[in-house]
Amino acid sequence: MPGNILELVLEILIDEQWHDMEEIARRTGVSPWKMQIMTDFLAKYHLIRQSTKKPRVKISHRFAEFLRAIPPFDTKKKPVRVTKGR
C-alpha cells in the first residue's frame, strides 16, 4: 500500500489512461484544489498531461516506464548503504 498521497496518485495513473480529477481526488481523499496544485506541478515538468477540454490527467509514457523500472519504495525498510569493496 502506498505511503503518501503522491504514491496513491501515481498508482492510479500508472495505467496510462485518462483519469478525471474528481475521481482521483475521491480515491485519494485529497481535496480537488490540492489535487489541482499537485497535477499542475507534475504537468509543469511533463510527468503528466492535462486535458484542455475536461478536468482529467494522464501520466506520460516515459514517466510510467521509469516508475515501472524502479522497485516500489518501502518506507519501513532501512536504506541500504553501498560501500566500495576493499
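Across the range 57-86, the qualifying residues are those that are at pLDDT 55 or above and among the aliphatic types (A, V, I, L, M), and the one among them that is surrounded by the most Cβ atoms within 10 Å (Cβ to Cβ) is V57. For the range 1-27, filtered to residues that are surrounded by 13 or more Cβ atoms within 10 Å (Cβ to Cβ) and touching an Asp or Glu at 6+ places or on another chain (Cβ under 9 Å), the residue that is modelled with the lowest pLDDT is P2. State whether the residues of the range 43-55 include one that is touching a residue at least 24 places away in the same chain (Cβ under 8 Å) and in contact with an Asp or Glu (Cβ under 8 Å, 6 or more places away or on another chain). Yes, that holds for at least one residue. Can you say whether Q17 is over 11 Å from the mean Cα position of the chain (by Cα) and within 18 Å of E65 (Cβ to Cβ), as far as the supplied structure shows? Yes, satisfied. Does the range 31-38 include one or more residues that are at pLDDT 90 or above, surrounded by 10 or more Cβ atoms within 10 Å (Cβ to Cβ), assigned to a loop (DSSP other than H, G, I, E, B) and in contact with a Lys or Arg (Cβ under 8 Å, 6 or more places away or on another chain)? Within the range 31-38, not a single residue is at pLDDT 90 or above, surrounded by 10 or more Cβ atoms within 10 Å (Cβ to Cβ), assigned to a loop (DSSP other than H, G, I, E, B) and in contact with a Lys or Arg (Cβ under 8 Å, 6 or more places away or on another chain).
The values are calculated or read from the model by the stated rules, or taken from the named source; none is laboratory data. Remember, predicted model here, so these are calculated numbers, not experimental data. Cβ sites come from the backbone with ideal geometry, for glycine too, and all protein chains shown count toward neighbours.
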